[in-house]
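Working notes for the structure below.
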């Protein structure tokens, strides 16, 4: 495994953990009067590599699963994530 491969594994792991935490934080804030995480932040972290962590956060916290417009945007973030993974694999 090259250094670049290791970097991307760490990057995807870090962004997945961050997305998971953001979904959990936003779910908790939604039930209280706390400050919410903007949807665009959730989508950007997902598109940057945290799609898997965000998806697990959506399932575990049952957050943003009923909002169809967010689901479409999240699907677009998934496509962006797949494109990044493909480009990383292609340009190794």
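Of all residues in the range 56-80, how many are within 26 Å of residue 5 (Cβ to Cβ) and buried (at least 19 other Cβ atoms within 10 Å of the Cβ)? Final tally of qualifying residues: 2. Kindly indicate whether residue 50 is without any contact (Cβ under 8 Å) to a residue 12 or more places away in the chain and out of contact with any strand residue (DSSP E or B) (no Cβ under 6 Å at 6 or more places or on another chain). When the stated conditions are applied, residue 50 does not pass them.
Taken over the range 1-31, the criterion of being more than 14 Å from the chain's Cα centre (by Cα), part of a helix (DSSP H, G or I) and without any contact (Cβ under 8 Å) to a residue 60 or more places away in the chain is satisfied by 3, 6, 7, 9, 10, 27, 28, 29, 30. Consider residue 53 carefully, then state whether it is buried (at least 21 other Cβ atoms within 10 Å of the Cβ) and either part of a helix (DSSP H, G or I) or modelled with pLDDT of 95 or more (or both). In short, yes. Among the residues of the range 37-47, those identified as in a helix (DSSP H, G or I) and surrounded by fewer than 17 Cβ atoms within 10 Å (Cβ to Cβ) are 39, 40, 41, 44. Only one of the numbered conditions (1) surrounded by fewer than 16 Cβ atoms within 10 Å (Cβ to Cβ); (2) touching a helix residue (DSSP H, G or I) at 6+ places or on another chain (Cβ under 6 Å); (3) outside any helix (DSSP H, G or I) is not met by residue 34, and that is (2).
The values are calculated or read from the model by the stated rules, or taken from the named source; none is laboratory data. Values in this document were obtained by computation on a predicted structure and should not be read as measured data. FYI the Cβ positions are ideal-geometry reconstructions off the backbone, even for glycines, and counts take in every protein chain you see.
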